[in-house]
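The values are calculated or read from the model by the stated rules, or taken from the named source; none is laboratory data. Nothing here was measured: the structure is a model prediction, and the numbers come from that model. Because the Cβ atoms are built from the backbone with ideal geometry, glycine has one as well, and the counts that use them run over all protein chains shown. All accessible areas refer to the heavy atoms of the entire protein, side chains included, with ligands and DNA or RNA removed. Shrake-Rupley method; radii C 1.70, N 1.55, O 1.52, S 1.80 Å.
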Amino acid sequence: MASSTLGIIFSNIQEKNVPELSKRRTMASIPFAGRYRLIDFGLSNMVNAGITAVGIVTKNNYQSLIDHLGSGKDWDLARKGGGIILLPPYSSEMEAPYTTRLEALMGVSGFLSSRREEYVVIYDCDGVARIDLADMLRFHEENNADVTMAYSEQNTIESHYFMTIEPDQTGRVKRVNITPRVDGKTKFNLYINVMIIKREYLLDILQAAVQRGQTSFGRDILAKNVDDMRIFGYKFDGYYAGIDSLQGYFKHSMEQLDKKVRDELYGARDIYTKVGDTAPTKYLEGAVVKNSLIADGCTIEGTVENSILFRGVKVGKGTVIKNSVIMQKTVIGSNVKLDSVITDKNVVIRDRRNLSGCAELPYFVAKGTML
């Protein structure tokens, strides 16, 4: 089935959730866990399921995404037929860049029409999970579903827009809720923005939506037609991290320091990313590192505890970094103290600076800043 399945990844659709990190890049290219980008998880799940043609819907700020993906060889997607296909925001179907998911799908309807695969997996870049899409495809076929929506049991969420579903004992969805109230105590079935649908059925939906002037895929199509469509919910019981805010990004980044999380997320099946081919990290005299993820190419003279360092980070002598996420090529001087801090790429923190946040409100330093 996977060989007859097309992947569609939205690179920008959730960027309003984390404006601090998506100001100069797509949601898809937000760095995560020391060496990955958020798109790596969706791409890897598709490749592990045997999907070899993936269209990536872009909108703006996608230069870093292009640099990261390259030819697609790191995901075994450098292919003459299929592979990675970048889909620009402008098309013959749309006169202006899309503002909603439905408009984005309408904009790539020409691409969808040109393909011959039977199914389409629609995937957002706001979730970190290792999903067995081959099993989800089997579930979709066994239930003769029109649409299959993956969901995870959650009790909190901070996203501006989200959907929950209410499946019956057979898995058929009886209700789709758009951004309902949640109390933080009662569990709900959060749609994790992974969907399977037949390609021709999707094209029919898009054509009907144009004729009716509809604008929202969730509200106008799924929620209003739940009785007429065969919508099924596929329960995902594994580790799921929804990046719905800067606080959520920080929380789930810190979870990567837990060996159980790492074993589940990066264990049985590989999560692929761009290979850096940089030198190993140098631990100089006086360096102390505890319970941290350290990417290659770093130089460490100070102390790093419960933190994540991306490639090429420099930590000066006498510096103490705790509970922080330090992105690529950040330079931290001597006798600096950082606690609960997120630095974007290419930040410079000069000697004797003291920056501190907390788990609920991490201190964020924007890309290219010098302090």
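Going through segment 165-204 one residue at a time, which ones are surrounded by 11 or more Cβ atoms within 10 Å (Cβ to Cβ) and at positive phi?
G171, T179, N193
Quick check: anything in segment 155-165 at pLDDT 95 or above, assigned to a strand (DSSP E or B), under 19 Å from the mean Cα position of the chain (by Cα) and closer than 15 Å to A223 by Cβ?
Taking every residue of segment 155-165 in turn, at least one turns out to be at pLDDT 95 or above, assigned to a strand (DSSP E or B), under 19 Å from the mean Cα position of the chain (by Cα) and closer than 15 Å to A223 by Cβ.
Each row is one residue, and each column tells you yes or no for (1) outside any helix (DSSP H, G or I); (2) modelled with pLDDT of 95 or more.
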site	(1), (2)
I131	yes, yes
N144	yes, yes
T170	yes, yes
N177	yes, yes
G184	yes, no
N189	yes, yes
I196	yes, yes
I205	no, yes
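For I84, work out the one condition from (1) touching a strand residue (DSSP E or B) at 6+ places or on another chain (Cβ under 7 Å); (2) assigned to a helix (DSSP H, G or I); (3) hydrophobic (A, V, I, L, M, F, W, C) it doesn't fulfil.
Just one mismatch for I84, condition (2).
Whether any residue in segment 338-353 is in a loop (DSSP other than H, G, I, E, B), of a type in the set (A, V, I, L, M, F, W, C), in contact (Cβ under 8 Å) with a residue 60 or more places away in the chain and crowded, with 20+ Cβ neighbours inside 10 Å is what I want to check.
No, segment 338-353 has no match at all.
Just give me the residues in segment 256-270 being among the aliphatic types (A, V, I, L, M) and open to solvent by less than 70 Å² (accessible area, probe 1.4 Å), in sequence order.
L257, V261, L265
Residue-wise test of (1) in contact with a helix residue (DSSP H, G or I) (Cβ under 6 Å, 6 or more places away or on another chain); (2) closer than 22 Å to I13 by Cα; (3) in a loop (DSSP other than H, G, I, E, B).
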position: L202; (1), (2), (3): no, yes, no
position: R219; (1), (2), (3): no, yes, no
position: D228; (1), (2), (3): no, no, yes
position: G233; (1), (2), (3): no, yes, no
position: D244; (1), (2), (3): yes, yes, yes
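For segment 89-105, indicate whether the set of residues that are under 26 Å from Y239 (Cβ atoms), hydrophobic (A, V, I, L, M, F, W, C) and out of contact with any Leu (no Cβ under 8 Å at 6 or more places or on another chain) is non-empty.
No; the residues of segment 89-105 include none that is under 26 Å from Y239 (Cβ atoms), hydrophobic (A, V, I, L, M, F, W, C) and out of contact with any Leu (no Cβ under 8 Å at 6 or more places or on another chain).
For K259, state whether it is without any contact (Cβ under 8 Å) to a residue 12 or more places away in the chain and farther than 29 Å from P19 by Cα.
yes
Mind checking which pairs have a first residue in segment 227-251 that is over 25 Å from H160 (Cβ atoms) and in contact (Cβ under 8 Å) with a residue 12 or more places away in the chain and a second that is surrounded by fewer than 17 Cβ atoms within 10 Å (Cβ to Cβ) and of a type in the set (V, I, T), Cβ under 9 Å, 6 or more apart or different chains?
Sorted first by the residue in segment 227-251, then by its partner, the pairs are F232/T170.
Among (1) more than 30 Å from Y272 (Cα to Cα); (2) touching a Leu at 6+ places or on another chain (Cβ under 6 Å), which single condition is Q154 missing?
The one condition Q154 does not meet is (1).
Would you point out which residue out of S334, S324, S292 is free of Cβ contacts under 8 Å to residues at least 40 places away in the same chain, among the small types (G, A, S) and farther than 27 Å from G42 by Cα?
The unique qualifying residue is S334.
Looking at segment 6-20, is at least one residue of a type in the set (A, V, I, L, M) and in a helix (DSSP H, G or I)?
Within segment 6-20 (the criterion being of a type in the set (A, V, I, L, M) and in a helix (DSSP H, G or I)), the answer is no, since none of the residues qualifies.
Select from segment 264-283 the residues that are of a type in the set (D, E, K, R) and in contact with a helix residue (DSSP H, G or I) (Cβ under 7 Å, 6 or more places away or on another chain) and list them in ascending order.
Within segment 264-283, R269, D270, K274 qualify.
Mind listing just one residue for me: the one in segment 50-72 that is part of a loop (DSSP other than H, G, I, E, B) and open to solvent by less than 10 Å² (accessible area, probe 1.4 Å) and, of those, modelled with the lowest pLDDT?
This residue is T58.
Condition test on Q207, is it surrounded by fewer than 17 Cβ atoms within 10 Å (Cβ to Cβ), within 30 Å of S114 (Cα to Cα) and not charged (D, E, K, R)?
yes
Hey, among F232, F217, which residue is at pLDDT 95 or above, touching a Leu at 6+ places or on another chain (Cβ under 8 Å) and buried (at least 16 other Cβ atoms within 10 Å of the Cβ)?
Answer to the check: F217.
Looking at this structure, is Q247 open to solvent by 20 Å² or more (accessible area, probe 1.4 Å), among the polar types (S, T, N, Q) and at pLDDT 95 or above?
Considered against the rule, which asks whether it is open to solvent by 20 Å² or more (accessible area, probe 1.4 Å), among the polar types (S, T, N, Q) and at pLDDT 95 or above, Q247 comes out as yes.
Could you list, in sequence order, the residues of segment 271-295 that are open to solvent by 50 Å² or more (accessible area, probe 1.4 Å), in a loop (DSSP other than H, G, I, E, B) and either more than 30 Å from L77 (Cα to Cα) or of a type outside the set (K, R) (or both)?
Selection gives Y272, V275, D277, T278, A279, P280, L284, E285, G286, N291.
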